[in-house]
Amino acid sequence: MFTGFDELTIIIPTVSRPKFVLRQHKYWGMSDANVVILDGANEPIEIPESLRHKNVRYIHTGTRFNDRLATAGKLITTRYAALLCDDEFFAFGGLRAAIDRLNRDPQVIGCVGRSLFFFVDQGRFLLAHAYRDWKPFSPAAQTLHSRLQEDLPPNKTHKAQFAVMRTPEWISIFENSYRQFFSSGYTYERLINLQRTILGRTEILDDLFWFRSMENPPISSENVPRTGKGEFVRWARSPEYQEEVKFYRATARQLLIDGGVAPQDVKVFEERFFLGGVERQEAKQQRLVRRFNRRFRSFVFAWSPRKFRLFAKRYFSNRLLRIFGWQGFTIGEMYHSLNGLGTRFVEREIEIIGRLSLETAAELQLEREKQHDQ
């Protein structure tokens, strides 16, 4: 039993992924953290009695993704809160470090830690480093103006979407970011980061914190559009969505005004947030396309950038990836790597996550085989 998390609430939105919902029940049932799973599917999931735990609540709402997160704050009664995807994990040691840091320093509103990608390939649980390039706020970024200078394009600090935060800040951030539906699923996290920067500092701890799943592609649906017209740059520049874009920019301006930004600076910071964000995303996409074309033509996949390898893990078959030698670390190899980087972690926690991931992969494989036989 992992204890010491009774003042933390984890909000987990889900839709149509019952195996992963049941996995969350198994994992969080080992702790005393308060977990609320919000299901937007048409039909509810039947939770077996053996997996029901008093600290894990499953709520079938059938509502849109943004509606669930905009109203999730009403379900939180603890001091701290965090968002988690339905197929991912937080490490208990990382959560404890984040809570301890917040308890010690009232000037910090949230904490993240080190992250790992994980996936199952040919019966093996494999890991890869994630987001090691995230930048912290500098020690000098104590004022609102200095934080905005460091976070907004052309600069950048770490993301805060999955940070453990003080509950009042978490509720404010998620209500303001998700209360309006946008036809691009990538808009919300940008508003989250903006308001985080306005409200205060978040920090990166050198503790293993977040296990980012590579088991499923990102969900893109009518409720959370992320591909086609829902891609951020296309959405931002499409005549079809200009009213949404205007509202989005007005929301950003209002957040800056309400946060106390000087009137003469609001326009500059909003343009850096929106126009700078669009330009940076477009440049990033162009770099990835150029790298892909260059690497593909020369078939030098073994030397391709890590970010593209991680993208490929989602969209290419395992067999193709093995041909090009794109493999993650085994658990033992990752222990050695984390130790070398000075990142704190608990072996048992990684092993539990590995076991649950292998179990889920086996169950899904069995389902596919049954469907194929039919």
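Summary table
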item	result
Flag if Arg114 is among the basic types (Lys, Arg), closer than 30 Å to Asn216 by Cα and not in a loop (DSSP other than H, G, I, E, B)	yes
Residue match in segment 15-26 (condition: surrounded by fewer than 21 Cβ atoms within 10 Å (Cβ to Cβ), in contact with a Gly (Cβ under 8 Å, 6 or more places away or on another chain) and either modelled with pLDDT of 95 or more or part of a loop (DSSP other than H, G, I, E, B) (or both))	yes
Conditions (1) of a type in the set (A, V, I, L, M, F, W, C); (2) part of a loop (DSSP other than H, G, I, E, B); (3) closer than 23 Å to Pro136 by Cα: number failed by Phe274	(2)
Hey, Lys307 assigned to a helix (DSSP H, G or I) and modelled with pLDDT under 95 or not	yes
Test for Phe292: is it under 26 Å from the mean Cα position of the chain (by Cα), farther than 25 Å from Leu194 by Cα and either at pLDDT 95 or above or not polar (S, T, N, Q) (or both)	yes
Subset of segment 56-67 (residues that are of a type outside the set (Val, Ile, Thr) and either farther than 18 Å from His25 by Cβ or surrounded by fewer than 17 Cβ atoms within 10 Å (Cβ to Cβ) (or both))	Arg57, His60, Gly62, Arg64, Phe65, Asn66, Asp67
Filter result for Asn155 (under 26 Å from Glu359 (Cβ atoms) and in a loop (DSSP other than H, G, I, E, B))	no
Exclusive hit being out of contact with any helix residue (DSSP H, G or I) (no Cβ under 8 Å at 6 or more places or on another chain), buried (at least 16 other Cβ atoms within 10 Å of the Cβ), in contact (Cβ under 8 Å) with a residue 40 or more places away in the chain and more than 18 Å from Ile12 (Cα to Cα), set Arg147, Arg101, Arg196	Arg101
Matching residues, segment 43-88, being free of Cβ contacts under 8 Å to residues at least 24 places away in the same chain, touching a strand residue (DSSP E or B) at 6+ places or on another chain (Cβ under 8 Å) and not in a loop (DSSP other than H, G, I, E, B)	Arg57, Ile59, His60
Filtered residues of segment 117-152 (kept if within 30 Å of Arg253 (Cα to Cα) and outside any loop (DSSP other than H, G, I, E, B))	Leu144, His145, Ser146, Arg147, Leu148, Gln149, Glu150, Asp151
Residue match in segment 121-133 (condition: surrounded by 13 or more Cβ atoms within 10 Å (Cβ to Cβ), closer than 28 Å to Lys267 by Cα and small (Gly, Ala, Ser))	no
Condition met for Ile173 (in contact with an Asp or Glu (Cβ under 9 Å, 6 or more places away or on another chain), hydrophobic (A, V, I, L, M, F, W, C), surrounded by 15 or more Cβ atoms within 10 Å (Cβ to Cβ) and over 26 Å from Glu347 (Cβ atoms))	no
Selected residue (criterion: nearest to the chain's Cα centre (by Cα)) from residues of segment 180-193 that are surrounded by 22 or more Cβ atoms within 10 Å (Cβ to Cβ) and in a loop (DSSP other than H, G, I, E, B)	Gly185
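The values are calculated or read from the model by the stated rules, or taken from the named source; none is laboratory data. This one's a predicted model, so the numbers in the text were calculated from it and none came from an experiment. Here the Cβ is made from the backbone with ideal geometry for all residues, glycine too, and neighbour counts use every protein chain on show.
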